[in-house]
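Okay, structure first, notes after.
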Amino acid sequence: MELDQEEALYEFLENSTEPFTLEDITNFAQAAGQKRNKKLIHEVNSYLDIRKIAFKKDNRYWVSRRGCFEKIKFVITPSRLELLNGILIPGHRCVPFANPLSLPNHYQFFWKGKPVPATTTEAPPEDLYPYYCIYGEEFAPQYIARDNPANEEAFNADPYEDPPEVSIHTLDMRGIYRECAFVPGDRFVVRTMDWKDCRFELTKVKKDDWQRADLEKWAEAAEAGFEESFTILGPGAGTEEQIAFAYWHGSVRMKEVPAYSLEEFLYEKTDRIDCVPYGIETRFWFTGRDIPDIKKIQNYTSPPDRTFIEDLLYKKNIPISEFVILSYVRDAFFRNEKEIDLALNRIVPPVVHLEEAEWDIIADYISDSMDDFCKSYSLFLDRNAGPVRQRVAELHTAVIDLSARLQKGEMEAAWLPRHTFIVLSQIQGHAAALLEDLAFNESPPDSEIAAIDNSLDSMVETYTDIKELINNAMDNFRRSNLTIIHGGKNSGQLWRMIQISISGLDVWRRAIISHECTMEELHQLIRVGMNWEGALRFRFYCENPDGGKQYLHDKIKLSDIDFHGKKELVYEYGPKWTVKIIIMSSYQPANDEVSRFVAGDGAAPPENISGPRHLGKILTSIETGGNIEKQTALRELGADYVPGFFDLDKTNRNLRAVLEK
């Protein structure tokens, strides 16, 4: 698909309010192209399907975001802070009912046919983050920074510290709050007047106008919509996409009022949907369940309608566009390099195998691009963007190289840090996007260069951290295999390395146990490893190939279990805690071997806490709550709880005491 046709596709979707066919949108895009493309209808179909920028209604018709969300009313519930200050912060309140290409400070709101006046509000950034966190908690600072140039400059001044205060555009609601005697608990019903230009109409609903039963029915429909979207979409490319598809897959009831505001529902009214870590980002997901890991780099922004060379690289697990290649070529000019091999080795690190013909194809493309660039490239004009592009390119190459080495399968995937390839995918995707921005003659403004440089610092730091974790995991894996080779006298007895992790949390333990270990004994090991008293009921099960559960008796041994090929167990402790047990490599014990923990991370939560979601709320109260909230949260956690801390030696002493009884 040509660039003009891609722009036409987005133009069509921005203006489409009724269901359309592939022929409708293809004809519109074809008119913008310079040449006839017989495959365009297939490219458009792939683009819509992979990029998730429209909804498939049936086998023939599609619906645009605008066509879907201009017909649905939603709810905003002002906070006490907003009522006290006579303002309303648009923030994330209009997701997904507003064009995602527009920022909240550009939204327009109307009250009784008249525009609501705008004002500005000054506050520390941490006071404003809760109004932007539905975009993803990690993106809240970016939305506040992009509200105005002064904010962007303040955030760019120090990438590791928030500025003491920022100013954001808000709505001046003083007259409206007075006019309708607005009190805490009252709501606004919002109608999208124009999705593309982000114009909304407000009407008031009193807090007692809606019955609780009606609101609970909406919450049930919303939970079903989110869970359906998770099942079909997975974690998706972002929280906005997840929410949009939750509404699409939700029942008619989710698209009606009475309703909760989205932030009320997600953070207060549901215990089935939670915000969980996803690499270096966050996603909404099933409460108490981990988002599954992936096995290789995935880039949601790579072109679905790939060119020949893009497809060649994609099959080598390098999901980039031709613009990224051109950015590497421009980097070669900045380095004053003329050798094609040097640029090619940065795009495709030597660890990635290329056939001779594949090498020639990429080399020819780079050579042709260099011939084109030499006519227009100016080192003087590239003096600001060049150093930043060079750093981004080096990071991107390092990520591709590390991913390729891990793909060679030198160690079991279970030994890798949690979400290894998700983290690498996110770094690669961000780096590739920056390279695309830096691929053209026009250098970005200095403020944007500074912002890119700061975001790059954070990405490099994250890459360094994940690489260190991977190296430690590889060292542990090698030591484990050496131990397997050098066994003691009990060479006929088989032991196992297992990994135990609490679903929904970054809390895990690695232990060595006998193959003859019973489920009762494994329960005791988990209880000690998580510092639990054992007061709650527990049970083990493994999943059947059909998705069913095979529950295990307390006396059954590890060696007696039919895992159906998937060496995993699930341990349910009480109604809220789920622990996944991965059966890892075999281990040859020493003569006096006993069960023991060999590694771990994260403080396990007290067993009386009602699940990962409640724990997250408690930790948030400690970080951002008032004094009373902090004291209540600390009492609930107990004096012994230290977030993130795991004492391996103390845990093994406790385990020995239990085993010696």
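The values are calculated or read from the model by the stated rules, or taken from the named source; none is laboratory data. Just so we're clear, the structure is a prediction, and the values are computed from it rather than from any experiment. Every residue, glycine among them, receives a Cβ derived from its backbone with ideal geometry; neighbour counts consider all protein chains shown. These accessible areas exclude ligands, DNA and RNA; they are computed on the full protein's heavy atoms, side chains included. Shrake-Rupley method; radii C 1.70, N 1.55, O 1.52, S 1.80 Å.
Annotations for the structure displayed:
- The lone criterion from (1) surrounded by 15 or more Cβ atoms within 10 Å (Cβ to Cβ); (2) within 20 Å of S501 (Cβ to Cβ) left unmet by K557 is number (2).
- Given (1) without any contact (Cβ under 8 Å) to a residue 12 or more places away in the chain; (2) touching a helix residue (DSSP H, G or I) at 6+ places or on another chain (Cβ under 6 Å), index of the condition E152 fails: (1)
- D214 closer than 26 Å to V75 by Cβ and either touching a Leu at 6+ places or on another chain (Cβ under 6 Å) or open to solvent by 50 Å² or more (accessible area, probe 1.4 Å) (or both): yes
- Filtered residues of segment 36-60 (kept if more than 30 Å from the chain's Cα centre (by Cα) and touching a residue at least 24 places away in the same chain (Cβ under 8 Å)): N37, L40, R60
- Any chance M173 is over 33 Å from the mean Cα position of the chain (by Cα) and modelled with pLDDT of 95 or more: yes
- Residues that are small (G, A, S) and within 21 Å of E11 (Cα to Cα) within segment 100-114 comprise just one, S102.
- Matching option when the condition is in contact with a helix residue (DSSP H, G or I) (Cβ under 7 Å, 6 or more places away or on another chain), within 22 Å of A511 (Cα to Cα), modelled with pLDDT under 85 and not basic (K, R), among S586, S595, S621: S586
- Filtered residues of segment 612-641 (kept if part of a loop (DSSP other than H, G, I, E, B) and either under 23 Å from A599 (Cα atoms) or in contact with a strand residue (DSSP E or B) (Cβ under 6 Å, 6 or more places away or on another chain) (or both)): D640, Y641
- For segment 642-661, the criterion of being within 23 Å of C517 (Cβ to Cβ), assigned to a loop (DSSP other than H, G, I, E, B), over 26 Å from the mean Cα position of the chain (by Cα) and basic (K, R) is met by at least one residue.
- Whether a residue is within 28 Å of L424 (Cα to Cα), of a type in the set (D, E) and open to solvent by 20 Å² or more (accessible area, probe 1.4 Å) was assessed, and D305 passes this test.
- Residue in segment 103-110 that is more than 29 Å from the chain's Cα centre (by Cα) and among the aromatic types (F, W, Y) present: yes
- Selection of segment 257-314 for residues being hydrophobic (A, V, I, L, M, F, W, C) and assigned to a strand (DSSP E or B) yields I273, C275, V276, F284, W285, F286.
- Considering segment 543-601, the qualifying strands (runs of 3 or more DSSP E), each wholly inside and each with 1 or more residues that are of a type in the set (K, R) and either under 27 Å from the mean Cα position of the chain (by Cα) or within 24 Å of N472 (Cα to Cα) (or both), run over 577-587, 596-601.
- Test set (1) in contact (Cβ under 8 Å) with a residue 24 or more places away in the chain; (2) among the aliphatic types (A, V, I, L, M); (3) surrounded by fewer than 16 Cβ atoms within 10 Å (Cβ to Cβ) - I609 fails condition number: (3)
- Qualifying residues in segment 508-531 (those that are of a type in the set (D, E, K, R) and touching a strand residue (DSSP E or B) at 6+ places or on another chain (Cβ under 9 Å)) - the one surrounded by the most Cβ atoms within 10 Å (Cβ to Cβ): R509
- D446 open to solvent by 30 Å² or more (accessible area, probe 1.4 Å), closer than 30 Å to V594 by Cα and either at pLDDT below 90 or hydroxyl-bearing (S, T, Y) (or both): no
- Any hit, segment 177-187, residues being surrounded by 14 or more Cβ atoms within 10 Å (Cβ to Cβ) and part of a helix (DSSP H, G or I): yes
- Any chance E228 is of a type outside the set (A, V, I, L, M), open to solvent by 60 Å² or more (accessible area, probe 1.4 Å), under 24 Å from the mean Cα position of the chain (by Cα) and at pLDDT 95 or above: yes
Residues are listed down the side, and each one gets a yes or a no for (1) at pLDDT below 95; (2) buried (at least 22 other Cβ atoms within 10 Å of the Cβ); (3) touching a strand residue (DSSP E or B) at 6+ places or on another chain (Cβ under 9 Å); (4) assigned to a helix (DSSP H, G or I):
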{"residue": "Q390", "(1), (2), (3), (4)": "no, no, no, yes"}
{"residue": "E394", "(1), (2), (3), (4)": "no, no, no, yes"}
{"residue": "I400", "(1), (2), (3), (4)": "no, yes, no, yes"}
{"residue": "A414", "(1), (2), (3), (4)": "yes, no, yes, yes"}
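- Answer from F421, F440 - the residue that is modelled with pLDDT under 95, open to solvent by 40 Å² or more (accessible area, probe 1.4 Å) and of a type in the set (F, W, Y): F440
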